[in-house]
Amino acid sequence: MNIRKSIILRVRIAFLLIMVFAIAAITRVVLLQHADGRKWVKLAEEIDLQFRKVPATRGNIYSDNGSLLVTSLPSYRVALDPTIASHDVYRQGLDSLALKLSRHFGDRSKEYYKRKINDARLEGRKYIVLNRRLVKYQEKKAMANWPIFREGRLKGGAIFEKLDRRYRPFAYMGYRTVGFVNDNYDGAGLEYSFNEYLAGIDGKALYQKMAGGKWRPLHDESEIRPVEGFDIHTTINVNLQDVTESALLHALKDHDADHGCAVVMEVKSGEIKAISNLTKNKQTNEYREVFNYAVQGLTDPGSTFKLASMIALLEDSKLKLNDSIETGTGDYNFYNQTMRDHKPGGYGTISVREAFEVSSNIAISKLVYSQFGSDPQRFIDYIASMGLSQPLGFQMVGEGIPKIKDPSDKSWSGITLPWMSIGYEVEVTPLQMLAFYNAIANDGRLIRPIIVKSVNQADEEIKTFRSQEIKRKICSSKTLREVQSLLKGVVENGTANNIKNSYYKSAGKTGTAQKIVNGRYTRQYNTSFVGYFPADNPQYSCIVVIDNPKGFRQYGSNVAAPVFKTIADNIYARDLEMHQPYIVENKMTDGIFPVIKAGHREDLEMICEELDIPNISESEEDWVVARLKDNAVLWTTDEIAPEVVPNVLGMTLRDAIFLLENHGLRVTHRGSGRITAQSIYPGKKLLKGSNITLTLG
């Protein structure tokens, strides 16, 4: 009996233990599936397999003529699964493969690569990166024929992982304008602003996590292929961008300035042809594009804002440009603040036209205060009617929002209106000021600048962009004509007369604004020039802003204006439509001689000898012109200076092309016969790469 009870007790205890264990197991399963399920699923994915993003190839960015500004070039990471190759393939190819890897990468010995691959094969590792350096497509093609690699992925274990890299054919040119997008999808410039088009659609692929945290693509049937991004076509002209950057960089270095920007725009279309932003690195003293001042930089515009003040005055009063204004000895008090003119001793009594041309602060402020002092809001309303109080709605993200005070502002004071009239206590971007001046050149029509013309998929346009009209007319036609004459006068007679020339006329306004540091005006300046050219038939507008130039030249006239002229000169040299052909009337000479004008001396002498025409040479130069002396042709020197455009009038087309192209000019021609006209005047300073058109007749 005791034995029976003992057995029953043991069975019951065993049963209870089994029940407890079962309940614990079931509880643990429930916890794993529900409470900790996501955690362990995630861990399993991290340990073994995971669907990972396959980035799409970004679209290209093109200039206005189809030149690549940015493209994506494929690079490849070279990896290997050393366990796949058969024994014979592996044994026969390992030495040669290791040697080729050593020679190609040049960083390790043949023995290093052989040992690395062997060790991985013995350990059963299915993925090793052979070298961290990425290879280009042509290198990848060559590698595909190497021993073991030539067997392919399935039989040799070769793995070439594609990684796209953005490539800029023109290096840092327009770097901030082109911009970037980082791994966190933050960025700047066109890359960021048009990312929705450029990015494409990412794909997915199954990856296996390997030792060392590396992920190996399995490339099975579950792969979702990425869709390439669209291309964008910009309005940027590569040649003008290069000229603009070079001119700006030279001025920044010459004046040891902190930073600067320059923008060139077509007057009628509103297309931005060049935009450059350069900032000085104080450690290296080098200039790089790190911030888009032209689009985002808000600054006091200084005297360039006086154009808006003049428009308000002419629209709101019966003011005439020949009316007189007393400026005194160069100092004038508005309440407790003294306004000063640049000229020591002042300008005395001058006309309104002269006041604008010499940029008299006192004259403009007195006129504005007299007209609008009792109702300053009316002045602010005029500023708004010119489009200066609102952003342009430019295509690039981050456009600066102008700061134009009004009388309800807490910081408005008795001196705000006079100081605002000359470009202080207001902040606008250079691009906005350029659009305003462009409206003056464009018969009063204010248009929104554009920098991207279209979004394309290959040759098909997906979306197009055109400049839009913001305001049909910013002022009356009468006022428009008057301010156009004022802007011409600034270059012909005023503060920018150092940039006038005899080939074409420009119109514009200089600006020099004192910078405020810790609430006080300093001896540091923000200098600018904004205008358009040719003045009588405007084709391009341009603004140049240079911040904090050092030395004795610190004004817009001698810092920013020369950059404008350099850019304008280069555009004029390239744009034949702006040129007036240089024509010399053919004069017939009585006698028996054929029409001999000019050319290569040896060729002309040979022709005369063949035709039995008497000829005499007083020059041993290669290029000569013909003169008549008694009954003979006299060859005289046609001096060809290397730094000026040669005179090819009267030459044959062959001789003219030879001579001009040797001087670095690009030649086009029309007609037949000898040269009767050339589009660039002989003796003009030579700009290599310029186009010249020859007329034959």
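Residues in the range 677-691 that are buried (at least 19 other Cβ atoms within 10 Å of the Cβ) and within 28 Å of Ile607 (Cα to Cα): Gln678 alone.
Of a type outside the set (Phe, Trp, Tyr), outside any loop (DSSP other than H, G, I, E, B), in the same structural domain as Gly423 (by TED's automatic domain parsing) and under 30 Å from Gly189 (Cβ atoms), is that true of Ala308? Steps first, answer last, please.
Numbers: of a type outside the set (Phe, Trp, Tyr): yes; outside any loop (DSSP other than H, G, I, E, B): yes; in the same structural domain as Gly423 (by TED's automatic domain parsing): yes; under 30 Å from Gly189 (Cβ atoms): yes.
Answer is yes for this residue.
Of all residues in the range 137-148, those that are farther than 14 Å from Arg77 by Cα and in contact (Cβ under 8 Å) with a residue 24 or more places away in the chain total 3. Taken over the range 547-560, the criterion of being at pLDDT 90 or above and either part of a strand (DSSP E or B) or at positive phi (or both) is satisfied by Asp547, Asn548. Thr329 fulfils the conditions (1) of a type outside the set (Phe, Trp, Tyr); (2) touching a helix residue (DSSP H, G or I) at 6+ places or on another chain (Cβ under 7 Å); (3) surrounded by fewer than 16 Cβ atoms within 10 Å (Cβ to Cβ) except for a single criterion, (2).
Selection of strands (runs of 3 or more DSSP E) fully inside the range 322-392 by the criterion of at least 1 residues being touching a residue at least 40 places away in the same chain (Cβ under 8 Å) and closer than 26 Å to Asp409 by Cα returns 331-334, 337-340. When the range 474-498 is filtered for residues that are closer than 26 Å to Ile272 by Cβ and touching a strand residue (DSSP E or B) at 6+ places or on another chain (Cβ under 8 Å), the ones remaining, listed by number, are Ile474, Gln484, Leu487, Lys488, Val490, Val491, Ala496.
Conditions (1) in contact with a Pro (Cβ under 7 Å, 6 or more places away or on another chain); (2) surrounded by fewer than 21 Cβ atoms within 10 Å (Cβ to Cβ); (3) closer than 24 Å to Thr479 by Cβ, marked per residue:
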| position | (1), (2), (3) |
| --- | --- |
| Pro391 | yes, yes, no |
| Phe394 | yes, no, no |
| Ile404 | no, yes, yes |
| Asp409 | no, yes, no |
| Ser413 | no, yes, no |
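Filtering Gly387, Gly373 for residues that are surrounded by fewer than 24 Cβ atoms within 10 Å (Cβ to Cβ), out of contact with any Pro (no Cβ under 9 Å at 6 or more places or on another chain) and not aliphatic (A, V, I, L, M) leaves a single hit, Gly387.
Tally time: how many residues in the range 152-185 are of a type in the set (D, E, K, R), within 29 Å of Phe291 (Cβ to Cβ) and in contact (Cβ under 8 Å) with a residue 12 or more places away in the chain?
From the range 152-185, those of a type in the set (D, E, K, R) are 153, 155, 161-162, 164-166, 168, 176, 183; that's our starting set.
Next cut, within 29 Å of Phe291 (Cβ to Cβ) only: 164-166, 168, 176, 183.
Narrowing further to those that are in contact (Cβ under 8 Å) with a residue 12 or more places away in the chain: 164-166, 168, 176.
Total satisfying the criteria: 5.
Residue selection: Asp341 satisfies the criterion of being in the same structural domain as Phe436 (by TED's automatic domain parsing), acidic (Asp, Glu) and buried (at least 21 other Cβ atoms within 10 Å of the Cβ).
Just to verify a result, which residue in the range 270-309, among those that are within 30 Å of Asp381 (Cβ to Cβ) and of a type in the set (D, E, K, R), is modelled with the lowest pLDDT? Reasoning before the result, please.
Within the range 270-309, the subset within 30 Å of Asp381 (Cβ to Cβ) is 270, 272, 293-309.
Then keep just the ones that are of a type in the set (D, E, K, R); that gives 300, 306.
Values: Asp300: 93, Lys306: 97.
Within the range 270-309, the match that is modelled with the lowest pLDDT is Asp300.
Pick from Val563, Val530, Val544: which is in a helix (DSSP H, G or I) and either farther than 28 Å from Val667 by Cβ or at pLDDT 90 or above (or both)? Break it down stepwise before answering.
Working: Val530 fails: in a helix (DSSP H, G or I); Val544 fails: in a helix (DSSP H, G or I).
One residue alone meets the criteria, Val563.
Scanning the range 496-526 for residues that are buried (at least 19 other Cβ atoms within 10 Å of the Cβ) and either at pLDDT below 95 or not polar (S, T, N, Q) (or both) gives Ala496, Ile499, Tyr504, Ala507, Gly508, Lys509, Gly511, Thr512, Ala513, Tyr525, Asn526.
Of the residues examined, Gly494 is one that is touching a helix residue (DSSP H, G or I) at 6+ places or on another chain (Cβ under 7 Å), outside the structural domain of Asn65 (by TED's automatic domain parsing) and touching a residue at least 40 places away in the same chain (Cβ under 8 Å). Within the range 343-377, the set of residues being of a type in the set (S, T, N, Q) and in contact with a helix residue (DSSP H, G or I) (Cβ under 7 Å, 6 or more places away or on another chain) comprises Ser359, Ser365, Gln371.
The values are calculated or read from the model by the stated rules, or taken from the named source; none is laboratory data. Predicted, not measured: the structure shown is a model, and the values here were computed from it. Counting neighbours? That spans all protein chains shown, and the Cβs are built from the backbone with ideal geometry, glycine included.
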